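Student: Take this structure first; my questions come after.
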Amino acid sequence: MRTVAAIGLLLLAASVAPARAHHGWSGYDATKELTLTGTITEAGYEHPHGHVRLDVPGKVWLVVLAPPTRMESRGLPAAKLRVGTKATVVGYPHRSNAEEMRAERITIDGATVELR
């Protein structure tokens, strides 16, 4: 009976997780690549996607990163996303939120991490 219950829970978790995590990237304009360099003023390393607020001259951007497991496996642990750290991000602007972008890659301390 325990095996049946465990299998049921696994199936339920598998069906819920993709719906929660997937939101699509159509809200970002992949025809307008941006390269921004600035200072991290806030960082989050949570699911479904990490983020930083990047203070660049004249604007603060919300930069959507990859899921934490991907960032960790590619060499970008949470400790590298420190407030006050200089970073360069390459990515695409959000179509309706002029202060948000989706990052394709991020460079911190001379190391570039591919996020997608």
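Readers should treat all values here as calculations from the given coordinates under stated rules, not as data from a laboratory. What you see is a predicted model, and the numbers here were worked out from it, not measured in a lab. Virtual Cβ from ideal backbone geometry, glycine too; neighbours counted across all protein chains shown.
Student: Please give, to one decimal in nm, the separation of the simple spin-label points placed at Glu46 and Val83, each 7 Å out from Cα toward the Cβ.
Tutor: For Glu46 paired with Val83, the spin-label model returns 1.6 nm.
Student: Further question: Quick one: length gained pulling Thr35 to Asn97 fully straight, 0.36 nm per residue minus the C-alpha distance?
Tutor: Difference between extended and current length: 20.6 nm.
Student: Could you pull out every one of the aspartates and glutamates with an alpha carbon less than 16 Å from that of Lys32, ignoring same-chain neighbours closer than 8 positions?
Tutor: Within the straight-line limit of under 16 Å, Lys32 reaches these aspartates and glutamates: Glu99, Glu100, Glu104.
Student: Further, regarding this structure: How large is the convex hull of the Cα atoms of region 39-116 per residue, expressed in Å³ as a whole number?
Tutor: 81 Å³
Student: I'd like to know which of Gly58, Pro77, Val89 lies farthest towards the positive end of the charge dipole of region 30-99, counting +1 on Cβ of Lys and Arg and -1 on Cβ of Asp and Glu.
Tutor: Value: Val89.
Student: Another question, if that's okay. In nm, what is the difference between 0.36 nm times the number of residues separating Lys59 and Thr107 and their Cα-Cα distance?
Tutor: Roughly 15.4 nm would be gained on extension.
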